[in-house]
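The values are calculated or read from the model by the stated rules, or taken from the named source; none is laboratory data. Since the structure is predicted, the reported quantities are computational estimates derived from the model, not experimental observations. Cβ: placed from backbone, ideal geometry, glycine included. Neighbour counts: every protein chain shown. Ligands, DNA and RNA are excluded from the accessible area calculation, which covers all protein heavy atoms including side chains. Shrake-Rupley method; radii C 1.70, N 1.55, O 1.52, S 1.80 Å.
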Amino acid sequence: MELIANKSRLQTGVRTVERIVSRNVSLPILNTILLKTDNGRLKLSATNLELGINYWIGAKINEEGEVAVPAKVFSDFIGSINDEKISLSSAKNIITISSEHYKTQILGMETRDFPIMPKVKKEISFKINTASLKTALISVLDSASVSETRPELSGINISISNKRAEFAATDSFRLSEKIINLENGVERSFILPRNTAIEVIRIAENLEGELVVSVSENQIFIYGDDFEIISRLIDGHYPEYKRVIPEKFIALAKVNKEELEKNVRMASIFSSSIFDIKLKANKESMQIFAKNSDRGEIIANIVCETKNRPFEISVNYHYLLDGLKILPTENVILEFTGDGSPLVLRGENQKDQTYVIMPLRS
């Protein structure tokens with residue numbers, strides 16, 4: 001292999017794929033990035049066997065070839081070079097990197113040991129706006145469980161029908177749902193692993209336009225012009241989460257999101273070991289209360305517009321802050337659905353996003 005590449009583009013590609021490189025002692029090949037010439041471009045590939053990423057960059061190809069190079073060493077060196085152009089060449093698993101001011105050799109590995117990346121299957125696919133996909137994943141990600149005790153809850157449930165996609169996640173303590181519209185779609189539901197969602201969010205950060213999503217029985221392919229993500233899906237049946245979302249409320253309170261968030265953070269200093277704070281909504285104000293036998297207590301008041309009747313509820317402040325973070329509106333609506341029942345958060349005049357918090361016992 002022999003080629004010349006732009007340093008900035010090469011570094012972007014390396015940073016994109018190296019995030020999923022496994023720190024695997026028993027399978028050292030998973031610690032590498034596969035560099036391979038491909039139709040006049042350089043393809044960079046990495047996998048941890050659950051998730052794989054291919055990323056292409058433009059390059060001047062003088063000789064075809066491939067080599068598996070240790071990800072950390074390669075990334076650290078490329079990141080240290082200031083020269084605009086970098087020359088890469090490989091022979092007998094040794095890659096030579098040279099630029100105007102630098103030259104080094106890195107010992108690589110046999111490419112035949114690199115796991116075969118599945119080909120993108122396009123039978124069942126749909127297009128989705130990149131920004132909308134990123135927003136939807138961010139909106140529900142925090143609600144996915146970080147425990148593997150119930151694998152299906154450690155992912156994001158995506159249900160597609162009638163040209164719309166419903167994204168939902170829950171860890172049994174809170175639930176988040178975000179709905180986006182699609183120009184086309186297929187009737188399909190699947191559970192996207194949490195780690196895959198994180199990588200999609202990162203890659204989508206610098207992308208515009210649309211992505212193509214293709215779903216097979218146990219894999220998902222998400223791809224654009226310069227990259228593709230291949231991931232296993234979580235096997236299992238997602239719980240009927242919509243039953244948890246209350247259809248009616250007894251009372252509601254409208255508050256300024258920034259003021260509520262600021263005062264909840266202040267109250268959290270005095271919360272107990274179960275991270276609880278109490279919200280008490282009156283006609284024109286909301287009282288935020290927390291008490292800790294070792295630290296003291298706090299009562300904060302903010303302007304509030306309450307409808308139907310006053311109410312109070314105890315919630316985990318971490319979950320409340322996570323919900324406020326994803327709501328994009330200036331004011332938020334808190335729907336009280338009864339003693340011992342969930343608290344529902346929505347953005348003002350926002351129908352496509354719902355956040356539910358299970359209450360704490362008083």
Practice item. On the full set of protein chains, 1.4 Å probe, figure out the accessible area of residue 265 and give it in Å² to the nearest 10. Key: 120
Check your understanding: Semi-axes, largest first, in whole Å: what does sqrt of 5 times each Cα gyration tensor eigenvalue give for region 151-263?
Key -> 28, 19, 15
**Study point:** Net lengthening on full extension, residue 72/residue 251 (0.36 nm per residue, minus Cα-Cα)
**Key:** 59.0 nm
Check your understanding: Based on Cα positions only, what radius of gyration and what Dmax would you give for region 1-79, in angstroms?
Key -> 12.0, 36
Point to revise | region 31-83 - accessible surface per residue (Å², probe 1.4 Å) | key: 41
Study note, to complete from the structure: For residue 134 the rounded accessible area (nearest 10 Å², probe 1.4 Å, non-protein molecules ignored) is 50
Study note, to complete from the structure: Given a 1.4 Å probe, the accessible area of region 261-362 per residue, as a whole number of Å², is 52
Review point. How large is the helix-only mean residue ellipticity at 222 nm for the chain, computed as the sum of -39500 (n - 2.57) over DSSP H runs with n ≥ 4, divided by its residue count, in deg cm²/dmol to the nearest 500?
Key: -5500 deg cm²/dmol
**Study point:** Of all accessible heavy-atom area on the chain, the percent that carbon and sulfur account for (1.4 Å)
**Key:** 46
Review point. In µm²/s, what is D for the chain at 25 °C and 0.890 mPa s, where D = kT/(6 pi eta Rh) by Stokes-Einstein and Rh is the Kirkwood radius from Cα pairs?
Key: 107
Review point. For the chain, modelled as a GNM with alpha-carbon contacts under 10 angstrom, which of 318, 237, 101 fluctuates the most?
Key: 101
Exercise for review: Enumerate the residues in region 254-272 having an amide nitrogen under 14 Å from the point lying 7 Å beyond the Cα of residue 297 toward its Cβ.
Suggested key: 270-272
Check your understanding: Which of the peptides 274-281, 81-88 is most tightly packed, and how do the rest follow, judged by the mean count of other Cβ atoms within 10 Å per residue?
Key -> 274-281, 81-88
